[in-house]
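This report concerns only the one structure given below.
The values are calculated or read from the model by the stated rules, or taken from the named source; none is laboratory data. Note that this is a predicted model, so its numbers are computed, not measured. No Cβ is skipped: glycine too gets one built from the backbone with ideal geometry, and neighbour counts run over all protein chains shown. For accessibility, only protein heavy atoms count, side chains too; no ligands or nucleic acids. Shrake-Rupley method; radii C 1.70, N 1.55, O 1.52, S 1.80 Å.
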Amino acid sequence: MPVSVAIVGPTGSGKTTLFNALTAGRGADGVGMVDIPDERLTRLSEAVKPKKTTPAQVRVEDTPAGSRAQRVAFARQSDVLVKVARCFGPDAEPVAEMDEFTLDLVLADLSSVERRIEIVAKEARAGKKDAQAEGEVLAAAKAHLDAGRSLRSLALEPEQRALLLGVYPVTLKPSVYVANVADELLPAGGEAAAKVTRLAESEQAPVIVLSARFESEMGELEPSEQAEMRAGYGIDESGLGRIARAVWEAGGLITYFTAGEPEVRAWPCERDAPAPIAASKIHTDFEKHFIRAEVTSVDELVAAGSMEALRAAGKLRVEGREYRVLDGDVVFFRVGR
């Protein structure tokens with residue numbers, strides 16, 4: 001399954017404009033697939049000259065109309081939240097608006113935590129292992145949420161964070177902030193964008209400053225015209241590409257590649273995943289029938305021209321089940337039946 005990204009934020013912040021820009025107008029019913037830009041994939045394709053080149057993708061959804069509860073449920077089912085803040089208009093108050101939006105998520109998490117506290121208290125009385133540790137983490141989470149703060153800003157050890165995942169906390173989800181500014185404020189974004197940057201930093205979340213309207217208009221131009229227009233604003237890269245990569249990083253993902261004559265392809269994979277788990281991204285049976293992985297780097301494959309040439313030269317590393325696939329690896333998986 002592709003990574004699922006929910007575009008959320010206050011009313012009027014430009015969520016739908018950003019969705020349309022990200023999906024280049026190809027989204028339907030508020031859902032679309034977005035390619036992850038990666039120059040390594042381009043280099044591999046130019047070297048191997050496959051029949052097909054396939055980038056890694058994320059599934060992007062625009063916030064649907066509905067009640068507050070429905071909007072919270074929508075955010076909860078995603079892997080990563082893209083939080084759009086309104087930094088345009090004469091009355092822009094992005095942090096205040098974002099705080100109001102976040103309060104709905106905080107209250108939803110508070111309700112979930114309170115219910116879980118009751119259950120864990122009973123488990124602790126019954127002597128269940130780890131119930132006390134979970135209860136302590138839940139109590140800290142409740143106090144933090146009671147103060148109106150997102151769980152992203154609560155200092156947690158990895159094992160404590162794991163204990164909270166059972167309540168599916170929406171304010172603990174990986175997030176990317178987008179400061180949506182007026183065209184004339186590009187590229188820095190002005191004081192409103194600076195406020196959003198400080199908010200994102202308090203949650204250790206990345207922030208992208210862009211104009212969703214500008215990015216949407218860029219999608220209607222030819223690449224050469226886009227480059228010229230961006231240069232006029234002092235922008236050297238698409239804001240949409242920066243969002244896609246930030247989502248990748250926030251979601252704890254890496255990219256590995258497969259490369260052959262039929263297809264060169266980028267695959268998403270959880271960081272530090274062992275080779276059989278990475279292989280399962282290609283086909284679920286590959287994890288069970290994994291034998292070994294033959295691994296190289298993008299630079300080595302580009303220089304050699306093909307996996308076969310590297311194999312013939314004895315330059316492919318052979319890795320077993322314990323190998324942790326790295327970002328940028330080019331892998332050929334050997335599987336049995």
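Here are a few things to note about the model shown:
- With all projection directions averaged, the alpha carbon convex hull of region 113-186 covers 6.3 nm².
- Euclidean distance of C-alpha centroids, region 241-309 and region 46-114, integer Å: 27
- Relative packing of peptides 220-233, 252-265, 35-48 - highest average C-beta neighbours within 10 Å first: 252-265, 35-48, 220-233
- Percent of alpha-carbon pairs separated by more than 16 Å within region 220-283: 62
- Amide H contacts of Glu263 (H built 1.01 Å from N, under 5 Å, at least 5 apart or other chain): Lys51, Lys52
- In this simple spin-label model, placing a label point 7 Å from the Cα along the Cα-to-Cβ direction at both Arg334 and Arg43 gives a separation of 2.7 nm.
- Where labels lie 7 Å past Cα in the beta-carbon direction, separation of Ser4 and Ala162 in nm: 2.4
- With a simple spin-label model that places each label point 7 Å from the Cα along the Cα-to-Cβ direction, the separation between Ser202 and Ala24 comes to 3.8 nm.
- Length gained when the stretch Asp299-Arg59 is fully extended (0.36 nm per residue, less Cα-Cα span): 83.5 nm
- Rg over Rh for region 187-228 works out to 1.14, both radii taken from alpha-carbon positions and Rh defined as the Kirkwood radius.
- Among residues other than Pro37 with Cβ under 14 Å from its Cβ, the summed charge is -3 (Lys and Arg +1, Asp and Glu -1).
- Treating r as the C-beta distance of Ala313 and Arg125 and R0 as 51 Å, the FRET efficiency rounds to 0.20.
- Share of pairwise Cα-Cα distances greater than 21 Å in region 137-255 is 50 percent (whole percent).
- For the listed residue pairs Lys49/Lys315; Lys15/Lys281; Lys51/Lys281; Lys15/Lys52; Lys128/Lys281; Lys173/Lys195, the alpha carbons are over 27 angstrom apart in Lys15/Lys281; Lys15/Lys52; Lys128/Lys281.
- Expected 222 nm ellipticity per residue - DSSP helices of 4 or more, -39500 (n - 2.57), all of the chain, to 500: -13000 deg cm²/dmol
- Surrounding net charge for Arg337, when Lys and Arg each add one and Asp and Glu each subtract one, Cβ distance under 11 Å: 0
- Hull volume in cubic angstrom per residue (convex hull over the Cα atoms of region 65-132): 125
- Per residue, the convex hull around the alpha carbon atoms of region 1-135 comes to 189 Å³.
- Over the Cα atoms of region 9-68, the radius of gyration divided by the Kirkwood radius equals 1.15; this is the Rg/Rh ratio.
- Altogether, the Stokes-Einstein calculation at 20 °C and 1.002 mPa s, with the Kirkwood radius of the chain over Cα pairs as Rh, returns a diffusion coefficient of 97 µm²/s.
- Portion, in percent, of the accessible area of the chain that falls on carbon or sulfur, probe 1.4 Å: 51
- At 0.692 mPa s and 37 °C, Stokes diffusion of region 264-337 via Kirkwood alpha-carbon radius, µm² per second: 263
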